[in-house]
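J.: Got a structure for you, written out below as structure tokens; questions coming shortly.
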Ligand SMILES: Cc1cc2nc3c(=O)[nH]c(=O)nc-3n(C[C@H](O)[C@H](O)[C@H](O)COP(=O)(O)OP(=O)(O)OC[C@H]3O[C@@H](n4cnc5c(N)ncnc54)[C@H](O)[C@@H]3O)c2cc1C
């Protein structure tokens, strides 16, 4: 990997700072944290690429999380991150500044834009990486992701094309500790002519389940929940704990829960402080989404269930009466004022 610091971000590691109307998404900070660690080993700059308008606090947060440079293109036409114009801008910047690595969050938006940019600049893209490293001998980015239904971890390198592009799901990497004493450069860049074949007519605000990637508490259910009706218990416990409901894939396939609730390889990656898994066996494709859960409590009738290998607390029990009891007890405590207001907030 070569670094030409005369050009902004040249030869360095780029991270796309995706935002939601100016609020930078946690995945951008997670990627910056990892990029910073890799760049320190390679002695390369880290640049955050910021299309659209974000306030000074957002820019400072990117620098505190590890960016040396923030390339901004504060064109109001980019504020809602429209896909066509953002593809134009990002492809243009890649051609102009030639970064060695370009990391993008595997959000719905990132999954749409990253392959378009990769195709435009004729490079490879490794989607949904779970690990990123640098080969100390070659300086190449080692992009590791599950393959063959999660039974294998494949490490992919982009030897001949640049940049080496990868997407990483939200919640897979830890957020870095922010260092507010860090200093960085803000570099406004000019957009190329932007094209847009789509007109945004309205915005649909998705239900809260769509946000399980950022939830601090998750109560999740698998086939062991037995019926769709029993999911009300899961949702109630999640509400009482100030968390959200997650599910395994069969429940989505059966139409019991929206796809945004699905945890796993083909669903969301989650990183809660507490996850209570009810009637989930622990298939590898499900576990692939649980990488960063701090405390995993598993409830299963089968003492040999694979999920127990990953659980901090193993409860061999029928989850349905247990959930009913927990909801009853916590509701009673809430009525008595015994459940802290923060935990009790739905
Ligand atoms: C390419 C591919 C991608 C996939 N992606 C995903 C994914 O993203 N997410 C995902 O979840 N799956 C995914 N799967 C499916 C995955 O392989 C499993 O089939 C699925 O995770 C199993 O879901 P489950 O644990 O709910 O059901 P099961 O495996 O049927 O497990 C049910 C568990 O409930 C327990 N149980 C039964 N009754 C009770 C009770 N009353 N109380 C407590 N416990 C009880 C049982 O002992 C059992 O352990 C994928 C599969 C493939 C091939």
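J.: Taking only the range 279-294 into account, find how many residues are outside any loop (DSSP other than H, G, I, E, B) and more than 6 Å from the ligand (Cβ to nearest atom).
T.: 2
J.: So, one more: Hand me the list of strands (runs of 3 or more DSSP E) wholly inside the range 49-135 holding 1 or more residues that are surrounded by fewer than 17 Cβ atoms within 10 Å (Cβ to Cβ) and touching a residue at least 24 places away in the same chain (Cβ under 8 Å).
T.: Result: 131-134.
J.: Inspect the range 317-336 for any residue being more than 8 Å from the ligand (Cβ to nearest atom) and part of a loop (DSSP other than H, G, I, E, B) and give the result as yes or no.
T.: Yes, because at least one residue in the range 317-336 is more than 8 Å from the ligand (Cβ to nearest atom) and part of a loop (DSSP other than H, G, I, E, B).
J.: Go over the candidates 246, 267 one by one and state the one that is surrounded by 23 or more Cβ atoms within 10 Å (Cβ to Cβ), modelled with pLDDT under 90 and within 20 Å of residue 305 (Cβ to Cβ).
T.: 267
J.: Ok, one more. I'd like the residue in the range 297-310 that is within 22 Å of residue 233 (Cβ to Cβ) and surrounded by fewer than 21 Cβ atoms within 10 Å (Cβ to Cβ) and, out of all such residues, is farthest from the ligand (Cβ to nearest atom).
T.: That would be 297.
J.: When residues of the range 266-281 are filtered for being farther than 16 Å from residue 238 by Cβ and touching a strand residue (DSSP E or B) at 6+ places or on another chain (Cβ under 6 Å), how many remain?
T.: 0
J.: Follow-up question, since we're still on this one. Does residue 177 meet the test of being at pLDDT below 85 and in a loop (DSSP other than H, G, I, E, B)?
T.: Spelling it out, it is not the case that residue 177 is at pLDDT below 85 and in a loop (DSSP other than H, G, I, E, B).
J.: Additional query: Quick test for you: out of 252, 217, 168, pick the one residue that is crowded, with 20+ Cβ neighbours inside 10 Å and touching a strand residue (DSSP E or B) at 6+ places or on another chain (Cβ under 9 Å).
T.: 168
J.: Of the residues 224, 171, only one is part of a loop (DSSP other than H, G, I, E, B) and either within 15 Å of the ligand (Cβ to nearest atom) or closer than 20 Å to residue 307 by Cα (or both); which?
T.: None of the other options fit; the residue is 171.
J.: Say whether the condition of being assigned to a loop (DSSP other than H, G, I, E, B), modelled with pLDDT under 90 and more than 22 Å from residue 133 (Cα to Cα) is met by at least one residue in the range 207-214.
T.: yes
The values are calculated or read from the model by the stated rules, or taken from the named source; none is laboratory data. From a predicted model like this one, the values you see are computed outputs, not experimental measurements. Here the Cβ is made from the backbone with ideal geometry for all residues, glycine too, and neighbour counts use every protein chain on show.
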